[in-house]
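Derivation of every value follows stated rules applied to the coordinates shown; laboratory data play no part. Computed from a prediction, not measured in an experiment: that's the story for all the values here. Glycine also receives a Cβ, built like all others from the backbone with ideal geometry; neighbour counts cover every protein chain displayed.
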Amino acid sequence: MKKSDKPPKSNMVIKEQRAAYVFLIPAFLGLSLITYLPLLAALFVGFTDLTIGHMVRGEAPQFVGLKNFIDIFTNPSIDFFNSILVTVYFALFAVVSSVVYSMFIAILLNRRIPGRAFFRAVFYVPYILPAVATIISWSFLLRFEGGLINYFLVNMGFDRVHFLSSAETVVPSLVMIAVWACGNLIVIFLAGLQNVPRTYMEAAEVDGANFWQRFWKITIPCMTPIIFFNMLMSLVVNLQIVVPALAVTSGGPGKSTMFMTYLMYHYGPRSGQYATASAIAFLFFMIAAILAAVLFITSKNWIFYEGGDDK
Amino acid sequence: MKKAKIIAILCAAIMILGLVAACGGSGSSGRVELVFALWGDPAELETTQEALDVFNDMQDRIRVTAIQIAQEEYSERLLTMAAGGNMPDCGMVDERTAIGWTREGLILPIDIYAGQPSKPKDGITFKDNGQTVAYSVASEVLGLWFNKDMFDAAGVPYPPATLETAWQWDEFIEVAKQLTFDANGNTPNDPDFDARNIVQYGAYVNCWAWQMEVWALSNGGRWYSQDGKSIVFDAAAIEGMQNVYDLYLVHNVAPFNAGQEDNGWWFSIGAGNVAMGTDGQWSTGFAGDSDIDYGVAVLPYMKQQANITAGGPVAVFADTDHPDEAAEFLRWYSDPENNWGPIEAGWWMPNMMNWFTDEALLKRWIDDTPNRARLPASSFRTAMADVALHPSTQPTGWYYTPNTDQVDRILIASLSEAANGSKTVAQVIEEVRPALEAALAG
Amino acid sequence: MSGITNQTDIKIKAPGFGGLQSKKRTKMIFDIVSFTCIVIISALVLLPIYWIFRSSLMGSLDIFLWPPSFLPMGTINPVEWQWENYIIRPTSYDFWRYLGNSLTISVPCVIFGTSTAISCGYAFARLQFRGKRFLFALCVGSMLMPAAVTLVPLYMAWTAIGVVDSYLPLILPFLCGGGAFNIFLLRQFIRTIPKELDEAAKIDGAGYFRTLVSIIVPSIKSAIIVVSLLIFITTWNDLLQQLIYIHSRENYTMVLGLTAFFGTFKADFAGMFAATMLTIIPCLTIYILGQRYFVEGIVMTGMKN
């Protein structure tokens, strides 16, 4: 029962509330059923020994406490710690590179250059293509035997590079592909750049500030909220990287692309070890949450807020 | 308070839906309906369907329908079906998961040939602690495929096709050197040879993880103990595998091959820039479509002759209500007579012993099938059929070892570091040995 | 990449002229440099797509030739473009069926997802209610949660319900708000519309639903197009979920058909590239049709905070 601890509400307010709740039914459903409830389920299953065998035999799984959470770190054939390292390494590398690259392209595209609309469209194309299709194309371009990039390298007198087939170069190569596909960030930066107040720029120009000074003193500060937003979005996307491992590298060379999602896929749908997969999933969430929290907390120091806008 | 209530109600709703779905009954039409799962390309489905039509028409107790799943997704698809309670009645199984799935209870440990007069060859029988759980429908061995035009052009005699005349590893490397050319026509024996600009390679050894086992055996080593209970990977096994990677790393006669994918034939003979390459018997099947004139020879060997048998098994799945009928169908399906299509095309070798000993049958599946006849048939007989029976040919680990899918995943990922030379095989194995042992233990 | 850093160097050095005349000149130099940069980088961006196209027109053997040829021609089948690579047997890659299946998933997702996202975005942007901050925080929070986390539990739930080999697990989630990012985007956009419009409608006696349909929706058209396209792209390309929920070949989608094609015919490289090309063409078409609204749409969303 609702307790009215606040002054009595008018009819209007109650009507508005009711309307809001009706409008929000889909979000309620989505947040509870397909987001937070499965998260709790992952945590719950992670404490059991559920495998495909239980489901086939119709047996109830046993409660095993923290066993799975300990196992995924101590069992060398799972080695979740390595997965955390390679995923976070990839994700941070990709976030920083994508943000720098897309900011650079957005600034270029924001100038009055011929065919601007066309180029804007071009840079967005990689983002819309199926990742399987593009990773296959990249894997051929980067092939050690007969790849175009290595052909250029040989012709320029360099040694061939193993790109996707050596533990040192595979993550940087995948970062390059991730950067290539980050057209969405460019568009969002473009949106931000158009909102940098004209008056600031003009005032600075009158004061004799050169391009570089204007960039650092006006553009960047005004863009910090957008940079933050893009970093966050890019982080979430890149933490989930899985298609290159599925389609090309199978987690190798070594364990260098044994990304968390791939490991989860391998133990869940691929082998039916659901308890292990759920433990991985839950810890994955914790890691993503921690990284996002770190980003949020540090952001207070570098985000420049123009006015007192509510979040 | 309210939110908790909503969540509780939703939970209940999910469970109720699940129960309703689980209780959904199935109708029956008098005949036993079986679903048979297989992988492969849709063309194979057509030939399989023809076989099933024959089976469905010749009796009126059982009707079988086939579902086909792409090979790379085969296991996860079957697991999804199993989790949803609608696994097929029987079907093919990934070799690597056969024993593990039996232990999980997904496969019924039925010897479909129990009490039958003739059984498939022992080398293609899956055994868990000595108990038979499944048989391969085909019996495959590895061979050395070679491009005849390239050998002719270099004036090098074709590789030997009998075990008695097989090349030793060093001879193999020497011949490979004569067949490797850079853009200027130099071979690795010439001082001016440019290893970065090779246009034709002499040799290719399929490095896909499971095929590497043969080189461990060839060098007198082992991957698994005889009882399938422990990881061996002894010094001889490690050296044998290193020899393979050295074809590229040291001798410059092979293309780089990370072994992360099974494209053996196509990256070797099929790519048109390799003179000879190792791969399974099934490569015969490519002969019909290929522009390349190729033949088959026996594998070279290191310290001793060695080959491995392989082949996808069929099994009865746990969900079925009709295990006896499923076993009867699988027995019928595994009989070469009834599944002639893949054998004729060259994808499979027969599984039954008598097809390797009875001259009339040998003639039927070797000399009278065009894809084998063009190799020619005589070399196929000595390099494949004879090898399949030879005592030096052993079953791969997955016939007697559990969890080889996990072992395989670790090997595929880690051995690619040995393939590119950043580590030696010894270093790689030392690093992953605990992981391999843990994977084997499950 | 070295090209890019060089260009930046020029940029740093270039300023420093005095006077109006040279200022103009500096600006012009900047424009030229930017344009050159953009042309070079966009050529690199398009290279992988061109490479698919180039390889799809070659013989399978020519794809591996060393040195690789930049144009689709080889020594074994010189000059002739192998258009017949595109004649893929429907049993291997059933283009029209897969196209139909992909649309069967994406179109309902776009319709449900966009409409529920509008409704939620409207509530968050305009209406006052208890628990708004908390709900919005939950919503934004879910944006930060990688979808991969819920993959296994959801998969188990759907199989427990018995909905396997069906599109429901792929479509139904889009009845639930169409993703937090889209709700967020629409909320931001709706907030840019002057409130006076709503109030005028209210005075005319319009309810909340009428206001939403007749005032809000027409004024956020470009944002709606953006959200629709985003949902379309997400559902079209979602390999991982399709891989898990769709079993039979007749239910395959375009990306799934492509993966299966790799799995089964990875030998037929030319055919593989042709199939890849066929897979990306529908995406490209939709994008080219909508891109004018699309890029502008996001640019105008006023992605401020």
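Both radii were evaluated on the Cα set of chain A; the Rg over Rh quotient, with Rh as the Kirkwood radius, amounts to 1.06.
How high is the relative contact order of region B:119-201, in percent, with contacts defined as C-alpha pairs under 8 Å that are six or more residues apart? Kindly include the intermediate steps, with their values, before the conclusion.
Values: 70 pairs, mean separation 12.7, N = 83.
That works out to 15 percent.
Quick one: work out the % antiparallel among DSSP beta bridges in the protein assembly as shown, nearest 5. Don't skip to the answer; put the middle values down first.
Values: 26 of 44 bridges.
So the antiparallel bridges amount to about 60 percent of the total.
This ranking places C:Leu258, A:Leu291, B:Leu389 by how few other beta-carbon atoms lie within 10 Å of each, fewest first, which gives B:Leu389, A:Leu291, C:Leu258. Remark on the protein assembly as shown: ratio of C-alpha radius of gyration to 2.2 N^0.38 Å is 1.00.
Of the chymotrypsin sites (Phe, Trp or Tyr not before Pro) found in region B:322-389, not one falls in a DSSP loop while having at most 14 other beta-carbon atoms within 10 Å. Put simply, the amide H of B:Gly91, placed in the peptide plane, has neighbours under 5 Å in B:Ala37, B:Ala315, B:Phe317, leaving out anything fewer than 5 places away on its chain. Excluding residues fewer than 8 places away in the same chain, name every one of the aspartates and glutamates whose C-alpha is closer than 15 Å to that of A:Lys67. By straight Cα distance, A:Lys67 reaches A:Asp49, A:Asp79. A Stokes-Einstein calculation at 4 °C with viscosity 1.567 mPa s, built on the Kirkwood radius of region C:20-156 over Cα pairs, returns a diffusion coefficient of 59 µm²/s.
Bridging of B:Lys363 to aspartates and glutamates at a Cα separation below 15 Å is possible for B:Glu337, B:Glu344, B:Asp386, once same-chain residues fewer than 8 apart are set aside. The ranking of C:Phe70, A:Phe47, A:Phe259 from fewest to most other beta carbons within 10 Å of each one's beta carbon is C:Phe70, A:Phe47, A:Phe259.
Summarise the long-distance tail of P(r) for region C:95-301 by giving the % of C-alpha pairs beyond 20 Å.
Details: 13502 of 21321 pairs.
I get 63 percent for the Cα pairs in region C:95-301 exceeding 20 Å.
Helix hunt in chain A: which complete DSSP H runs extend at least 20 Å axially by C-alpha with mean Kyte-Doolittle at least -0.5?
Details: long enough: A:80-109 (42 Å, 2.17); A:220-239 (27 Å, 1.77); A:274-302 (42 Å, 1.67).
Membrane-span-like by this criterion, though nothing is claimed about a membrane: A:80-109, A:220-239, A:274-302.
Of the complete DSSP H runs in chain B, those spanning 27 angstrom or more by Cα along the long axis with a mean Kyte-Doolittle score not below 1.6 are B:2-23. Under the Kirkwood approximation applied to all pairs of distinct alpha-carbon atoms, what is the hydrodynamic radius of chain B in Å? One decimal place: 23.4 Å for the Kirkwood radius. Each label was represented as a point 7 Å from its Cα along the Cα-to-Cβ direction; for C:Glu250 and A:Phe304 these points are 6.2 nm apart.
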